[in-house]
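Heads up, the thing below is written out as structure tokens.
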Amino acid sequence: MIIAIDGPAASGKSTSARQVAMQLDFLYLDTGAMYRCVTLAFIEQGISLTDKNAVESLLNSIDVNLTEENGEPTAYLNGENVTSRIRSAEVTSAVSPVSAIPEVRETMVRLQRKIALHSDCVMEGRDIGSVVFPDADVKFFLVADSEVRAKRRQDDLRKLGEEKSVEELVKDIEARDVYDSTREHSPLQKAEDAIEIDTSQMTIDEQVSKMIEIVNQKREKTKNK
Ligand code: DC
């Protein structure tokens, strides 16, 4: 079974996706973290986004591995633990243009499909229900007000010791929404059959119970077929 969770930045995807995966005992895959790892590799290696050869050689040699350590999602880039670094403001501001490169998307989508081949999976991102798994068993599309999302992002950044105002974060988030929704390849868009949930006024527990309830209904329906 594949559960696709898409939506704009800080709409509550990661926290609810992780908990849904835990409760169902499914694999959890944060595809945004994959694009963040690739972005960090671009920054570290000083690669220009328009240098086709350099992009190709980076993608041929890159090793992105998302795993769990001590119950926490952990990201490795070429064998190095980069879990905190991929959340930095530097990576966040560079990730949209990097993830708009078609070759980057092709490589990541291939990897995402491969990972989900042998296990039930909750996969979160921007294009999971529309492109990566158009036949996903259940598709959610989470949305939330920009200000609520900015406050969530501010809390995340504070945990990393970085400080940004809510006003600045609203601007960042809205700019990233525009970039992610208008890019040519696999833009952020709600799949026609996705269930939209507005998480602005919801607690994490409420989001998770609602999603689990919908998944269980789907499982019942499939069982009775
Ligand atoms: O979910 P996030 O904020 O960590 O995602 C970081 C960026 O990665 C986001 O701005 C767009 C990109 N992304 C994407 O293009 N496709 C996905 N499936 C997931 C993320």
(request) Would you please give the FRET efficiency between Lys52 and Ser93, computed as 1/(1 + (r/R0)^6) with r the Cβ-Cβ distance and R0 = 25 Å, to the nearest 0.05? (result) 0.60
(request) Starting with the fewest neighbours, write out Met202, Met34 ranked by other beta-carbon atoms found within 10 Å of each beta-carbon. (result) Met202, Met34
(request) Would you mind counting up the charge near Ser200? Only other residues with Cβ under 10 Å from its Cβ, with Lys and Arg at +1 and Asp and Glu at -1. (result) -2
(message) Assuming 0.36 nm per residue, please report the length gained on full extension of the stretch Glu106 to Glu174 beyond their Cα-Cα distance.
(response) 21.9 nm
(request) Grab the beta carbon distance between Leu117 and Glu167, set R0 = 41 Å, and tell me the FRET efficiency rounded to 0.05. (result) 0.40
(request) Quick one: grab the alpha carbon gyration tensor of region 122-225, order the square roots of its eigenvalues as a ≥ b ≥ c, and give me rounded if a/c is under 1.5, else prolate or oblate depending on whether a/b is larger than b/c. (result) oblate
(message) Counting other beta carbons within 10 Å of each residue's own, what order do Ile86, Ile214 fall into, fewest first?
(response) Ile214, Ile86
(message) Using only Cα atoms and rounding to the nearest 10 degrees, what angle (0 to 90) does helix 52-61 make with the longest principal axis of the chain?
(response) 60
(message) When a/c reaches 1.5 or more, the comparison of a/b and b/c decides; with that in mind, is region 171-225 rounded, prolate or oblate per its Cα gyration tensor?
(response) oblate
(request) Give the long-range amide H neighbours of Leu142: residues separated by 5 or more places, or on another chain, with amide H under 5 Å away, using H modelled in the peptide plane at 1.01 Å from N. (result) Asp6, Gly7, Ile197
(request) Take Tyr28, Tyr179 and order them by how many other Cβ atoms sit within 10 Å, fewest up front. (result) Tyr179, Tyr28
(message) Tell me the net charge near Gly129. Cut-off is 13 Å between Cβ atoms, Gly129 excluded, with +1 for each Lys or Arg and -1 for each Asp or Glu.
(response) -4
(message) Please compute the length gained on full extension between Leu160 and Glu196, using 0.36 nm multiplied by the number of residues separating them and subtracting their Cα-Cα distance.
(response) 9.9 nm
(request) Indicate, rounded to the nearest 5 percent, the antiparallel portion of the DSSP beta bridges found entirely in the chain. (result) 30
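FYI, it's all coordinate maths here, none of it is from the lab. All figures in this text were calculated on a predicted structure; none of them were measured in a lab. Here the Cβ is made from the backbone with ideal geometry for all residues, glycine too, and neighbour counts use every protein chain on show.
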